[in-house]
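Engineer: Let me begin by handing over the structure; questions about it come next.
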Amino acid sequence: MDTKTDTVSPPLTIKDFASDQEVRWCPGCGDYSVIKAVQKTLVEVGAKRENTVFVSGIGCSSRFPYYMDTYGFHGIHGRAPAIASGLLLANPDLDVWIITGDGDGLSIGGNHMLHVLRHNYNCVILLFNNGVYGLTKGQYSPTSERGQITPSSPMGVIDPPLEPIQFAIGAGAHFVARVVDIQQQQMIDVLKAAYEHKGAAMIEIFQNCTVFNDGMCDSFATKSTKFEHQIELVAGQPLIYGKARDKGFKCDPGSLSLKSYDIGGEDDDGHGAIVHDPANRSLAFMLAQMQMPEYPVATGVIYNAPEASYEREAMRQVEEAKASSDRKSVTDVLNQGFTWEV
Amino acid sequence: MPATQCFAQHGQGGVPDSAVVRFAGDSGDGIQLLGDQFSLTSAIAGNAISTFPDYPSEVRAPQGSTYGVSAFQIQFGGRNIKTIGDSADVLIAFNPAALKTNLEILKPGGLIIADQGTFSKRGLKKAGYETSPLTDGSLEGYRLLAIDITKQTLAATAPFDLSKKDKQRCKNFWGLGLIFWLFHQKRATTTAWLDRKFAKKPEIARANIAALNAGHAYGENIEASHELYSCHIPAAEMPPGKYRAVTGSQAAAWGLAAASELSGRPLVFSSYPITPATTILHHLARLKDLGVITFQAEDEIAAMCAAIGTAFAGSLGATASSGPGIALKTEAIGLAVAAELPVVIINSQRAGPSTGLPTKTEQSDLYQAVYGRNGDTPLPVLAARSPADCFDVTIEAVRIALKYMTPVMMLMDGYLGNASEPWLIPDMNKLPDISVKNCTDPEGFSPFKRDADTLARLWAIPGTPGLEHRIGGLERDYVTGDVSYDPGNHQKMSQIRIDKVKGIASDLPELEIDQGERDAELGVIGWGSTYGPISRAVSNMREKGASVAHVHLRYLYPFARNQCEITSGFGRILVPEMNMGQLVTVMRDNNCPPAEGFSKVTGRPFTVTELEEAIAARLGG
């Protein structure tokens with residue numbers, strides 16, 4: 001066990017955040033690039049190991065805490081957000097990271113995901129979306145595509161996929177982002193923004209499963225596809241994409257949806273593309289609704305509109321109650337109200 | 001002498017040592033309020049009391065319907081009152097439906113006070129009466145006092161500037177005034193309460209007080225005309241000190257708050273609403289000024305998981321539910337066992353299976369508590385025997401959880417949760433220090449390093465430098481605490497989890513016989529809320545010379561270390577339970593002497609009479 005304390009130590013490095021446990025993800029798994037990005041982020045934001053807690057559920061990605069030399073809790077299937085809630089109510093000063101996946105966080109733990117976002121507990125939620133159940137060997141997940149062939153859907157998936165970003169915004173999340181495992185720099189930028197955000201910050205990470213759902217992101221995240229099929233969102237910048245930065249988005253007033261147009265083309269009204277405002281919830285919904293192949297996939301911080309977090313509000317009520325009460329102890333409570341002497 | 005006789009022949013033949021009154025009316029009649037007021041007045045007069053509110057599960061049942069009847073029963077007296085009484089001496093029924101649904105609880109010859117004004121054609125029809133029981137002779141065998149309470153109340157409140165509806169609403173206090181007269185009780189507590197309650201609406205307070213006084217005066221007049229005598233119930237001998245009334249839910253909530261204070265660990269109580277455990281959440285939510293944090297989680301599973309997160313962070317994590325909710329928490333309870341984290345789980349039991357009878361009491365979750373998890377997953381199980389005992393047992397549950405780093409199940413039930421009894425307010429300074437230390441020393445640290453005596457693992461909390469570690473539901477290496485799939489290690493860890501929990505027995509007080517001798521012909525063993533009726537039945541039978549003893553268990557897993565030994569001298573053993581015989585199985589499992597079960601699962605507590613008969617039958621009549 002590493003025993004150095006941070007009071008006199010030099011700044012931490014990526015290695016300081018790696019535990020001594022052998023990493024057991026499959027070779028080529030997208031999880032490797034995520035853990036690297038997270039470790040790098042922790043170094044860059046100056047996080048303290050002792051104040052950092054990774055809480056996970058069940059699934060491949062939920063092994064994550066074991067590989068971090070921080071505090072970690074490997075919970076039960078889908079329940080990481082609930083465990084994190086109790087953790088934060090006991091100690092709001094902790095940096096809490098929730099590690100979950102499309103099955104853990106959107107199927108068995110869908111209710112907890114909904115409520116941790118709505119409650120707005122101060123935590124970063126990494127939703128590893130690989131569109132498949134990896135640990136149980138390849139069954140379809142709530143984000144699998146219609147028609148996907150898996151051991152539990154030999155004739156193809158018949159239910160429509162759940163779109164995590166729309167789910168999160170609908171649940172009342174105040175910070176929602178989307179990144180792709182192989183796009184390191186954007187991931188680190190987004191992780192930092194999520195870390196700084198006070199409240200629940202959910203990041204959907206498109207994560208490639210080389211064994212059961214290989215190439216899930218190829219249509220929009222490879223070197224050859226990403227320019228035409230992905231739009232990287234930057235706050236304050238216009239929604240422009242394309243290798244030649246020749247396509248933009250405007251709002252179509254008729255359908256109340258985003259519409260792509262060729263810059264300088266006949267649909268260009270000269271007003272320029274819509275500027276990305278992460279605080280605009282309607283725009284966030286429209287961006288989340290953009291689906292391949294009709295639209296490029298939006299990545300980056302889609303929505304960011306902070307509000308008071310649950311555990312801080314709970315503490316505030318306690319402080320208010322203390323300030324306005326004469327009771328200081330259980331003895332005061334027991335002796336209050338109707339009592340009589342015998 | 002029974003109270004009913006006292007009403008008929010004033011001062012002849014002695015004084016009754018206790019009486020049972022049952023208030024019944026429509027949900028909107030303020031019955032629970034009357035019960036509370038009468039209870040307080042009796043308690044202040046020095047009576048021992050036991051009370052139980054019996055209200056409908058419907059939130060707003062139609063007025064006048066039988067399923068909208070709300071009732072409140074109190075036994076009060078000059079001896080140690082242990083139950084609410086098998087049957088009532090007095091039933092005050094504020095409408096026909098209340099009479100219909102509560103008559104069976106009245107003793108033969110008992111006194112019915114009925115609000116005649118509500119026995120209209122319509123009122124009777126709503127209650128399902130073809131003819132009026134007040135006049136059709138069906139109440140022969142009881143003593144009937146039919147009064148138009150509504151009319152009397154309107155007359156008494158005539159001088160006040162209130163609507164007719166507001167005046168009519170005072171009728172419950174008119175009835176209370178009459179009951180106060182019947183038992184020589186003082187009105188001062190109630191008038192003071194009304195003045196406080198309606199400080200901003202003094203006209204309402206005055207009208208209610210006028211109704212109370214009129215009801216009382218009505219009694220004086222009928223006594224003068226020898227229709228009915230009032231009757232004094234003597235005060236009980238109770239240990240001196242300051243008392244208050246407490247329900248089981250209140251006591252459990254305050255027990256958690258007290259344990260937080262005694263352990264120096266902030267309480268985070270996470271819970272999901274479920275009958276009858278919800279009131280524990282209500283009581284704790286009102287203790288924010290003491291630093292108590294309550295979290296109404298999104299579901300039962302989340303509530304348990306949040307309690308685990310709280311414990312991981314080093315605070316006192318607790319949750320409460322009832323059987324169906326505990327079932328949902330079960331996987332997470334297993335996680336707390338595997339992670340060896342201290343969490344207190346309160347189960348306020350209700351009748352099952354499944355949704356069962358949510359508002360009715362049962363003690364049928366003992367198997368669930370002791371056995372109900374996947375894997376070999378032991379945890380300590382304790383049970384409270386009375387409303388006030390919920391305070392002590394909750395503190396004991398926290399003590400064990402912290403000292404042994406284990407989840408603990410505390411069993412109570414719907415009856416205990418709602419029932420109330422006078423409570424000698426404990427002196428917090430005399431309660432034990434139950435604090436435990438966090439690990440802070442990184443030297444040779446491993447999260448599963450154990451205390452040699454208790455086998456508790458180290459508790460190192462996030463925020464402590466140098467002690468970063470990962471735990472969870474996967475099996476751990478005995479030495480390093482890392483994930484381990486080693487076969488021998490799993491055997492060893494399974495064994496140590498069982499040894500740890502079983503070893504708690506050496507830290508528990510020895511079991512003592514509550515009443516009777518070790519070699520009694522019949523030993524009656526109970527647990528939980530059956531304490532009151534068993535205790536009374538055994539003492540009644542012993543007064544009649546029966547060779548019967550009573551032993552009552554607080555510790556259900558592990559048992560007190562002398563339990564099997566202390567019960568081995570009984571000729572035979574009877575175990576009355578509000579389930580189909582669960583403790584009998586658990587006792588057999590622990591190699592205790594064989595026992596015969598005596599089951600009652602009607603959603604109602606045992607009556608003393610039922611138990612007396614069962615005891616008599618085992619003793620050869």
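The values are calculated or read from the model by the stated rules, or taken from the named source; none is laboratory data. Note that the coordinates shown come from a computational prediction; the quantities given were computed from them, not determined experimentally. With ideal geometry, Cβ positions are generated from the backbone for all residues, glycine too; neighbour counts draw on all protein chains shown. The accessibility values were calculated without ligands, DNA or RNA, using every heavy atom of the protein model including side chains. Shrake-Rupley method; radii C 1.70, N 1.55, O 1.52, S 1.80 Å.
Engineer: Starting from the stretch B:248-273, take each residue that is within 8 Å of chain A (Cβ to nearest Cβ) and open to solvent by less than 10 Å² (accessible area, probe 1.4 Å) and list its partners that are assigned to a strand (DSSP E or B) and among the hydroxyl-bearing types (Ser, Thr, Tyr), counting only C-beta distances under 7 angstrom and pairs at least six apart or across chains.
Structural biologist: Partner pairs satisfying both residue conditions: B:Ser270/B:Thr319.
Engineer: Here is a further query. Working only within the stretch A:74-93, note down all residues that are in contact (Cβ under 8 Å) with a residue 40 or more places away in the chain and over 14 Å from B:Glu298 (Cα atoms).
Structural biologist: A:Leu88, A:Leu89, A:Pro92, A:Asp93
Engineer: Taking B:Pro234 and the conditions (1) of a type outside the set (A, V, I, L, M, F, W, C); (2) in the same structural domain as B:Ser315 (by TED's automatic domain parsing); (3) in contact with a Gly (Cβ under 6 Å, 6 or more places away or on another chain); (4) open to solvent by 20 Å² or more (accessible area, probe 1.4 Å), which numbered condition does it fall short on, given that it satisfies the others?
Structural biologist: Condition (2) is where B:Pro234 drops out.
Engineer: Suppose we filter the stretch A:299-342 for residues that are within 8 Å of chain B (Cβ to nearest Cβ), among the small types (Gly, Ala, Ser) and in a helix (DSSP H, G or I); how many remain?
Structural biologist: Total meeting the criteria: 2.
Engineer: Could you pull out the residue among A:Thr331, A:Thr339 that is open to solvent by less than 60 Å² (accessible area, probe 1.4 Å) and modelled with pLDDT of 95 or more?
Structural biologist: Testing whether each residue is open to solvent by less than 60 Å² (accessible area, probe 1.4 Å) and modelled with pLDDT of 95 or more leaves just A:Thr331.
Engineer: Now for a separate question. For B:Thr278, indicate whether it is among the hydroxyl-bearing types (Ser, Thr, Tyr), free of Cβ contacts under 8 Å to residues at least 12 places away in the same chain and more than 9 Å from every other protein chain (Cβ to nearest Cβ).
Structural biologist: yes
Engineer: Any residue in the stretch A:94-111 that is without any contact (Cβ under 8 Å) to a residue 24 or more places away in the chain, farther than 19 Å from B:Pro462 by Cα and buried (at least 24 other Cβ atoms within 10 Å of the Cβ)?
Structural biologist: no
Engineer: Scanning for something more than 8 Å from chain A (Cβ to nearest Cβ), of a type outside the set (A, V, I, L, M) and under 21 Å from B:Val393 (Cα atoms), does the stretch B:297-311 turn up at least one residue?
Structural biologist: Within the stretch B:297-311 (the criterion being more than 8 Å from chain A (Cβ to nearest Cβ), of a type outside the set (A, V, I, L, M) and under 21 Å from B:Val393 (Cα atoms)), the answer is no, since none of the residues qualifies.
Engineer: Right, next: Name the residues in the stretch A:180-219 that are within 11 Å of the chain's Cα centre (by Cα) and of a type in the set (Val, Ile, Thr), would you?
Structural biologist: A:Val190, A:Ile203, A:Ile205
Engineer: Right, next: Any residue at all in the stretch A:196-214 that is closer than 27 Å to A:Gly242 by Cα and of a type in the set (Gly, Ala, Ser)?
Structural biologist: no
Engineer: If I filter the stretch B:283-311 down to residues being of a type in the set (Asp, Glu) and not in a helix (DSSP H, G or I), which single residue comes out as surrounded by the fewest Cβ atoms within 10 Å (Cβ to Cβ)?
Structural biologist: Here the answer is B:Asp299.
Engineer: Still on this model: In the stretch B:312-326, which residues are in a helix (DSSP H, G or I) and in contact with a helix residue (DSSP H, G or I) (Cβ under 7 Å, 6 or more places away or on another chain)?
Structural biologist: B:Phe312, B:Gly323, B:Gly325, B:Ile326
Engineer: Hey, could you check the stretch B:114-133 for residues that are within 20 Å of B:Gly215 (Cα to Cα) and either hydrophobic (A, V, I, L, M, F, W, C) or under 34 Å from the mean Cα position of the chain (by Cα) (or both) and say which is surrounded by the fewest Cβ atoms within 10 Å (Cβ to Cβ)?
Structural biologist: B:Phe119
Engineer: Does B:Gln9 satisfy being polar (S, T, N, Q) and under 21 Å from B:His226 (Cα atoms)?
Structural biologist: Here the answer is yes, as B:Gln9 does meet what is asked.
Quick grid of which residues meet (1) more than 30 Å from the chain's Cα centre (by Cα); (2) farther than 24 Å from B:Leu431 by Cα:
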residue: B:Arg196; (1), (2): no, yes
residue: B:Glu203; (1), (2): yes, yes
residue: B:Ala207; (1), (2): yes, yes
residue: B:Ala245; (1), (2): no, no
residue: B:Ala252; (1), (2): no, no
residue: B:Ser263; (1), (2): no, no
residue: B:Leu284; (1), (2): no, no
residue: B:Ala297; (1), (2): no, yes
residue: B:Ala306; (1), (2): no, yes
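Engineer: Continuing with the same structure: How do the helices (runs of 4 or more DSSP H) wholly within the stretch B:507-621 filter down when requiring 3 or more residues that are open to solvent by less than 20 Å² (accessible area, probe 1.4 Å): which remain?
Structural biologist: In the stretch B:507-621, the matching helices (runs of 4 or more DSSP H) lie at B:531-543, B:582-589, B:608-618.
Engineer: In the set A:Asp262, A:Asp252, A:Asp268, A:Asp277, which member is among the acidic types (Asp, Glu), at pLDDT below 95 and touching a Gly at 6+ places or on another chain (Cβ under 9 Å)?
Structural biologist: The unique qualifying residue is A:Asp268.
Engineer: Something else now. What residue, of B:Thr406, B:Thr359, is at negative phi, more than 14 Å from chain A (Cβ to nearest Cβ) and open to solvent by 30 Å² or more (accessible area, probe 1.4 Å)?
Structural biologist: The conditions single out B:Thr359.
Engineer: May I ask you to list the residues in the stretch B:9-61 that are out of contact with any strand residue (DSSP E or B) (no Cβ under 6 Å at 6 or more places or on another chain), more than 14 Å from chain A (Cβ to nearest Cβ), buried (at least 18 other Cβ atoms within 10 Å of the Cβ) and part of a helix (DSSP H, G or I)?
Structural biologist: B:Asp29
Engineer: Would you mind stating whether B:Asn429 is in contact (Cβ under 8 Å) with a residue 12 or more places away in the chain and either of a type in the set (Phe, Trp, Tyr) or more than 26 Å from B:Gly532 (Cβ to Cβ) (or both)?
Structural biologist: When the stated conditions are applied, B:Asn429 does not pass them.
Engineer: Something else now. Hey, could you check the stretch B:438-489 for residues that are more than 9 Å from chain A (Cβ to nearest Cβ), touching a residue at least 40 places away in the same chain (Cβ under 8 Å) and not basic (Lys, Arg) and say which is surrounded by the fewest Cβ atoms within 10 Å (Cβ to Cβ)?
Structural biologist: Ranking the qualifying residues of the stretch B:438-489, first place goes to B:Asn438.
Engineer: Return a yes/no flag: does the stretch B:185-192 have any residue that is open to solvent by 50 Å² or more (accessible area, probe 1.4 Å), in the same structural domain as B:Ser39 (by TED's automatic domain parsing) and part of a loop (DSSP other than H, G, I, E, B).
Structural biologist: Yes, because at least one residue in the stretch B:185-192 is open to solvent by 50 Å² or more (accessible area, probe 1.4 Å), in the same structural domain as B:Ser39 (by TED's automatic domain parsing) and part of a loop (DSSP other than H, G, I, E, B).
Engineer: Tell me whether the stretch B:321-338 contains one or more residues that are more than 8 Å from every other protein chain (Cβ to nearest Cβ), on the phi > 0 side of the Ramachandran plot and crowded, with 24+ Cβ neighbours inside 10 Å.
Structural biologist: No, because not a single residue in the stretch B:321-338 is more than 8 Å from every other protein chain (Cβ to nearest Cβ), on the phi > 0 side of the Ramachandran plot and crowded, with 24+ Cβ neighbours inside 10 Å.
Engineer: Okay, next question. With the stretch A:1-120 as the region, which strands (runs of 3 or more DSSP E) entirely inside it contain at least 1 residues that are away from chain B (no Cβ under 13 Å) and within 22 Å of A:Ala194 (Cα to Cα)?
Structural biologist: Answer list for the stretch A:1-120: A:95-101.
Engineer: If you go through the stretch B:195-211, how many residues are open to solvent by 90 Å² or more (accessible area, probe 1.4 Å) and in a loop (DSSP other than H, G, I, E, B)?
Structural biologist: Residues meeting the conditions: 2.
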